[in-house]
Structure formats: C-alpha cells, structure tokens
Amino acid sequence: MKSSSLADAESSGKEKPLAHAESSGKEKPLAHAESNGKEKHVRPDDIEKTSMEIIDDELRMRGIVIPKENYSVTRRVIHTTADFDYAVNLAFTDRAAEQGIAAFARGISIVTDTNMTLAGISRPAMERLGVNAHCFMAEPRIREMAREMGTTRAAASQIYAAGKMPGAVLSVGNAPTALFEIARLIRNGLRPALVIGVPVGFVNVIESKEEILSVCREYAIPAIAARGRKGGSTVACAILNALLYEASGLDDPSARS
C-alpha cells in the first residue's frame with residue numbers, strides 16, 4: 001500500500017522529502033545512529049538488528065503499512081537491497097508467507113534457478129528443519145534437455161525438478177523463462193508448495209511475474225513475486241531466508257551466531 005505522501009510525490013513528478021530530512025537537504029541522523037563516532041556496530045547480529053530498526057523507522061516515516069503476515073519477508077528483502085520500493089512491489093497470494101513457513105516446517109525441499117541463491121540460503125536454518133536445497137542448472141542432462149527442446153536451461157531445469165520433487169518450493173530469481181515454464185507445468189498438474197518469482201531485467205520479466213501470480217491464484221498455489229523489473233537472486237534468497245528463519249525460530253540474528 002502506498003502512503004499518501006508517496007502518491008502525491010508521484011503525481012507531481014517530484015519526490016517528497018521524508019519527515020526526517022532537513023530543509024537544507026541534509027538528512028537528520030536517526031535516534032539509533034552513531035553518536036559522535038563513539039557507538040560502533042561490529043558484531044554481525046548487532047549490525048543486522050540495528051539495520052532492521054532503521055527499516056522499521058523508515059517504513060513508519062513513509063507511512064507504509066505492510067500486513068503483519070508479510071512483514072518479515074518484506075523487511076528482509078529491504079534489508080538485503082536497501083530498496084524501499086519492495087515495500088510496495090512485493091505481491092503475495094493469499095496466506096503465501098504462512099504456507100511457505102509451514103512448508104519449511106515440514107522439511108519441504110527448495111529448487112533454485114541459480115547457484116548464487118543456493119549459496120546464500122541459511123545452512124543453520126535448513127539443518128534445523130531438515131530442508132534440502134538444489135540447483136540443477138549445471139547438470140549435463142539439463143544442457144541436453146534444453147538443446148533438444150529448443151529452450152533455456154532454466155526452463156529445462158524446472159521440467160527436470162518437477163519430475164524429481166514435484167511438491168518443492170520453487171525459487172526463480174534470474175530467468176523469466178523458468179517462471180513461464182512453472183506456469184505451464186502448474187496448468188498441467190504440478191503443485192509446488194510455494195513459488196517465488198523475482199527475476200530481474202527487461203525482457204519478459206514483468207510478463208512472467210504477472211503470469212505466475214495469475215496462474216497461482218487460479219490454482220490456489222502460494223506465490224510471492226516482485227512486480228516490475230526489479231528482483232534478482234539476492235531477493236530470492238532474502239525471501240527464502242525470511243521464511244526459513246520464521247520456521248526454524250532463528251529470526252533473531254543472535255541465535256544464528
């Protein structure tokens with residue numbers, strides 16, 4: 001939901017300054033910012049906690065209200081990207097976050113479309129839950145399938161994954177063709193536990209996200225997507241970790257130290 005201040009800013013073509021900005025154009029430090037260089041954040045858990053506090057403050061100042069059930073996912077994506085557009089752009093089907101958390105609590109596996117996402121998923125959370133994560137993109141069979149079918153390896157990997165683990169959580173942070181293929185597979189009977197659709201770019205990106213949201217709503221499959229051009233493997237990873245932390249009780253960063 002956009003705040004009235006953001007909507008006014010868009011209609012005028014100019015961005016309104018935030019409440020804490022000075023008329024001189026300089027930004028006032030927030031209450032928890034460093035004081036005279038004496039307070040320093042050096043522990044990873046302290047840095048993360050302070051970052052989350054800053055995000056909470058800025059969301060309040062911008063007048064952005066995020067549904068409670070989607071807050072932890074949205075906040076972690078903003079934390080990963082430093083981009084508050086995601087407070088507006090992230091779209092959730094009904095109870096998607098709740099069902100994603102429940103899937104991980106049952107130990108449901110993850111299939112990603114990039115090794116970058118795979119590398120960033122929280123190992124402590126997965127181990128606590130008994131969750132496995134996979135990326136099939138580099139497997140020789142995927143290259144052969146893509147060549148035979150005249151499609152991308154990303155799309156071929158989704159066909160391969162559907163045969164091996166049809167009820168997995170499917171995470172797409174790079175290739176729109178993977179989302180289009182997931183939509184086709186769902187129409188043909190695939191029922192993933194959750195679809196995360198956040199590819200980034202200019203070609204077929206917006207269309208693929210709208211397609212997967214529409215299909216998932218039609219077939220009552222949980223989905224989380226970043227509308228528009230923005231996204232990427234780091235965003236996919238942030239969404240996965242937010243859900244994993246909630247499911248494993250590791251949302252407090254000090255519990256992961």
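The values are calculated or read from the model by the stated rules, or taken from the named source; none is laboratory data. Just so we're clear, the structure is a prediction, and the values are computed from it rather than from any experiment. Heads up, the Cβs are rebuilt from the backbone with ideal geometry, glycines too, and the neighbour counts pull from every protein chain shown. These area figures cover heavy atoms from the full protein model, side chains too; ligands, DNA and RNA do not enter into them. Shrake-Rupley method; radii C 1.70, N 1.55, O 1.52, S 1.80 Å.
Amide H contacts for Ala133 (H built 1.01 Å from N in the peptide plane; partners 5 or more residues away or on another chain; cut-off under 5 Å): Ile110. Under the definition of Cα pairs under 8 Å and six or more residues apart, what whole-number percent is the relative contact order of the range 105-201? So the answer I get is 30 percent.
Taking amide H atoms as placed 1.01 Å from N in the peptide plane, the amide H of Tyr219 has no partner under 5 Å among residues 5 or more positions away or on other chains. A 1.4 Å probe run over the protein chains yields, for the range 136-257, 40 Å² of accessible area per residue, whole-number rounding. Surface composition of the range 37-173: carbon plus sulfur atoms contribute 50% of the solvent-accessible area (1.4 Å probe, protein chains only, all chains present).
Cα gyration tensor of the range 42-103, axes a ≥ b ≥ c as square roots of the eigenvalues: rounded (a/c below 1.5), prolate (a/b > b/c) or oblate? Because a/c hits 1.5 or more and a/b fails to exceed b/c, the range 42-103 counts as oblate. Taking Lys and Arg as +1 and Asp and Glu as -1, the other residues whose beta-carbon sits under 14 Å from that of Asn115 total -1.
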